[in-house]
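Some notes on the structure that comes next.
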Amino acid sequence: MPCFPLPFRWDSAKLCPGVFYLKQIFRLRESLQMSSKDEEKPFLDHLEDLRKVILRMALTLLVVMMLCFGLAPQMMDVLRRPVERVWSQHELDHLPNGVRVEDWERAKALAGAMGGLSPRAQELLRQRENAQVLELHRLVPVLKAAAILPEGERMKFVEQACLENERELALALLGQGAVLQSGSGRAALRMMGSFQPGESFLLSIKMAFFGGCVISFPLLMFFLLQFIVPGLLESERRFLLKALIFGFFLFLSGCFFAYFAVLPRVLAFFYEYSLNLGIENDWRIGYYLSFAVKLIFMFGIAFELPVLIIPLVKLGVLDYELMSRTRVYAIACVLVLALLIAPAPDPGTMLVMAIPMYLLYELCIGYARLDRYRKMKGEKRA
């Protein structure tokens, strides 16, 4: 039977990229074997090891997810606090000095509850409040009435409608643009509801998944590294354990940094931007939680940069000279990475993500320099 040359060349990378990358990982795994006398394992044996690792990681993640699912209400409260702080800060910015957000919120609620009540019921409500709330609640209806008038007539209306001892505070509230809607602050937070029957359940599963990823991250990385770098020496195992602990600390640092520093800033930016356009911020809870969880998780991943670079320095793939010469390229890579993984499109958020990543890269350069010094010192002793 005659043989004819094929009109194309077999390229596994083009026909099946997944198999191609698996082969590259398996080759790396073979090159990192402790003993050079070990025979090269067949491809199917590598797949069997990979299957066991994936199963172990999946079971670990599933157990931690079940624990997090039972704590879904507490996790929901934690994720809602940044929104509450943003709305509270917005109201505080529109209140005169000496007026607390809590008293103003309570005064608005009290003024809304007074309508239609008997004098006896109104008196019972007043007895439960402090003097500041009582003074403010008398001004709420006046300010709401002034809001429907033309802007040039509002001050005159407030001066004539308020008592003399309340006039100064009323004019200060009017001048600061105090928020009068009952759907702001904590009240608006409660209005973030689900619009589908199973949306709340799916949100709980999503929170449990991300919470499980955060808590089980050290174990997942340990299982993965055990597969990629098998047959470690005792000293290498200790180094791997230290790297995992350090990596988990960095991961949590990134999550905390995003939660306390970045997320409130991003929410405040979008909140104020919408108000400037005349758009109400009736945020849907599902979209908000997806946004917040993605931002926090991505910052945790971004802070893992030293965990990726330091082992390469220990293996000799990277050194101090190479890393110091390629700082410009590192800055470009960090900016591109921040652009890709930042959940908000504004430049401020991307810079807030890029700056810590670059500082961590500088930390890795310092480690590479220290590692070079140790090697030179060891060679001199030898």
Work out from phi, with θ = phi - 60° and the Karplus expression 6.51 cos²θ - 1.76 cosθ + 1.60, the ³J(HN,Hα) of each residue of the range 139-156, listed in order in whole Hz, and give x for Gly and Pro.
8, 4, x, 5, 5, 5, 5, 5, 5, 8, 8, x, 4, x, 9, 5, 4, 5
Would you mind computing, in nm to one decimal, how far apart the modelled labels at GLN226 and VAL328 are, each placed 7 Å from Cα along Cα→Cβ?
4.6
Cβ-Cβ FRET estimate between MET76 and GLU379, R0 fixed at 41 Å, reported to 0.05:
0.10
At R0 = 30 Å, how high is the FRET efficiency between ASN130 and GLU272 if r is their beta carbon distance? Nearest 0.05 is fine.
0.45
Please give the length that would be gained between SER118 and PHE246 if that part of the chain were fully extended, namely 0.36 nm times their separation in residues minus their C-alpha to C-alpha distance (nm, one decimal).
39.6 nm
Between ARG51 and LEU312, how high is the FRET efficiency from 1/(1 + (r/R0)^6) when r is the Cβ-Cβ distance and R₀ = 35 Å? Nearest 0.05.
0.80
Among the listed pairs LYS108/LYS156; LYS314/LYS380; LYS52/LYS206; LYS242/LYS294; LYS242/LYS377; LYS294/LYS375, which are separated by more than 29 Å between their Cα atoms?
LYS294/LYS375
Sparse-neighbour loop sites [GluC sites (Glu not before Pro); the range 70-155; at most 16 other C-beta within 10 Å; DSSP]:
GLU129
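All of the numbers you see were taken from the coordinates with simple rules; none came from a lab. These figures come from a predicted structure and were not determined experimentally. No Cβ is skipped: glycine too gets one built from the backbone with ideal geometry, and neighbour counts run over all protein chains shown.
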